[in-house]
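Okay, structure first, notes after.
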Amino acid sequence: MPRLTARGGIFLVVGVGLLALSYAVERPELLPAGAIAVAAPLVGLLVVASTRPNVVVSRRFEPSVAVQDEVVRVTTTVAGRSRSAEWVERVPMPPGFAGPGRLADVRLTRPAQFGYRYWPERRGLVEVGPLLIEDRDPFALAVRVTDTRTVTPQLVLPSVMPLPVGPVPAPVSVTGTRSARSRTRSDDDVVTREYRDGDALRRVHWRVTARQGELMVRQDEPQAGPRSRIIIDTQRSGYPDTSGRSALSSSMFEWAVRFAASVAVHLDERGYAVDLATPAPGPVDAPHADGPAGAALGELALLELGADDPHRELSATGGTLPVVVVAARPDAATVSWMLGHRTSSSAAAPALAVLVDDDPALLLPATTVSATARRDDDAASETAAQAFARAGWIVARVPPSATPAEAWHALAGVKLDALGASATREPTTVVRDA
C-alpha cells in the first residue's frame, strides 16, 4: 500500500497550512504555493501506486548447505518488471535483514542481480527472504514497499571442529582397517532424480539441487559397515540453564549438539557409520546433508529440546558398537536408558560419556571405575557421572567454554590448562574393589 514518506508528510502539512493562512490573512498569493505543496505528495502517491513491481525472485547460495556462523554468499536474481528501486532482504541473522541496496531497472529481457553475505547464527532449516522492494517517486515524497513473498530454504548444519585421534580406535574388518579412500564418495558417484510428491526431505541432495535449480533427491543407499552410536539428551529437564525460561533454548544444549556433530564427523572419517539416538523421537523426515556423517548432521541440525516424554525403545545392537553419550544433567531414568545401549556383546567397545557442566573450574582428565566397583553410595543419590563411571564408562565433565577438541582430549586422559595452550597426558584413574 503506498504511503507518504516523512518528507511527503511535511509537504502536505505545510501545504494545508499555507492554504489556511492565505484565507486567514487574505493573501491570495499564498494559494499557488499551498496548492503545489498539497498536490506534490498526492501525485507521488499516484506515481508509486501505478508502478507496482511484478517480479519473480530466485536465489543461489554458496555453499548450498551452510554451517553455523560461517559465511554464506547469496546471489539474488530478480526477473520481470520493476523500476529502479531500493531493496531489503530478510536473513536469519541480526539485525534480521541485508541491505538496503539499489536495484537496477528490471525488464522482461533484462533481469537484475545483486549479492550479499550473511552468517547464519542458528542451525536448522532456515528461510532467506522475502525480498522487499521500496519504490519511491522521483522526489521521495511517497513510497510503496512490495513484499515479493518468495523465500528460499537453506539447511544450516551445526559447526564442526576437527578432533584429534582419541579414545575410539579405527574399525577393523576382515579386510583390515578401512581407508579414507574406500569411504569417500564424490558428488558424481551419487545417483539423483527429480523430486516427486511424497519423497522424504532427508533424501534431498542439496548440492545437486543448487546446481540444477530444482529439487533433486538421492537414490543411493548407505553402505553397510562398522557402526557407532552417538546419544544426545534432548530432555528439557536435563539442562539447568532452561529453568524458568519460556524459550526452548539452552547454551549447554547447543554445546552438546556442536560436540555431537564434531564426534559424528570424526567417527565417519575414521570408518564408522554413525547412528544418532535421542530419548524422545527425533525430527521427522530430517534432511540428509552431504559429506561425512550426512544423515547424523542433518538430524542434528533440526534437533530441539523437548518435553520429558517417555523414553523411546532401545534399538537392537550387535557386535562391538562404540557408544558416545553427550548430556548435561540427565535424570536417573535417562541415564538408565543411555546405559542400556551398551550390551554384553559390545562390552569390549569404547563407551564414553561427556557431561557439560556450568562449573568453570572443570576440564578434568577422564576417569573410569570398574563395573564390579563397590557401591558405597545410595543409588538414588548417584550423580550421572558416578552412574556412568560405575558401569565402566569413560567419563569427562567439561564446561561450556571448552571446545569439542578439549572435551575429546579429556576423554583420552589428557588434562588441559585453562587456556588450552598446553596438554599433558595423565594416567587414567581406575578404582577397584578393596
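For the listed peptides 51-63, 73-85, a ranking on the average number of other beta carbons within 10 Å per residue, highest first, reads 73-85, 51-63.
What's the local net charge at V106, with K and R +1, D and E -1, over the other residues with C-beta under 11 Å away? Here the charged neighbours net out to +3.
Each label point was placed 7 Å from the Cα along the Cα-to-Cβ direction; for I36 and L21 their separation is 1.5 nm.
Provide the FRET efficiency to the nearest 0.05 for the L46-T75 pair, computing r from the beta carbons and using R0 = 41 Å.
Calculated transfer efficiency: 0.75.
Placing dummy labels 7 Å off each Cα toward the beta-carbon, the span from M1 to V151 is 2.3 nm. Here the Karplus curve 6.51 cos²θ - 1.76 cosθ + 1.60, taken at θ = phi - 60°, turns the phi angles of the range 119-130 into couplings of 10, x, 8, 10, 7, x, 9, 9, 10, 9, x, x Hz, with x standing for Gly and Pro. With R₀ fixed at 45 Å, the C-beta to C-beta distance from D241 to A170 puts the FRET efficiency at about 0.80. Each label point was placed 7 Å from the Cα along the Cα-to-Cβ direction; for V14 and A280 their separation is 6.0 nm. Extension gain for R90-S159 works out to 22.6 nm (0.36 nm per residue, less the C-alpha to C-alpha distance).
Every number here is computed from the coordinates shown, using simple stated rules; none is lab data. Just so you know, these numbers come straight off a predicted model, no measurement behind them. Cβ: placed from backbone, ideal geometry, glycine included. Neighbour counts: every protein chain shown.
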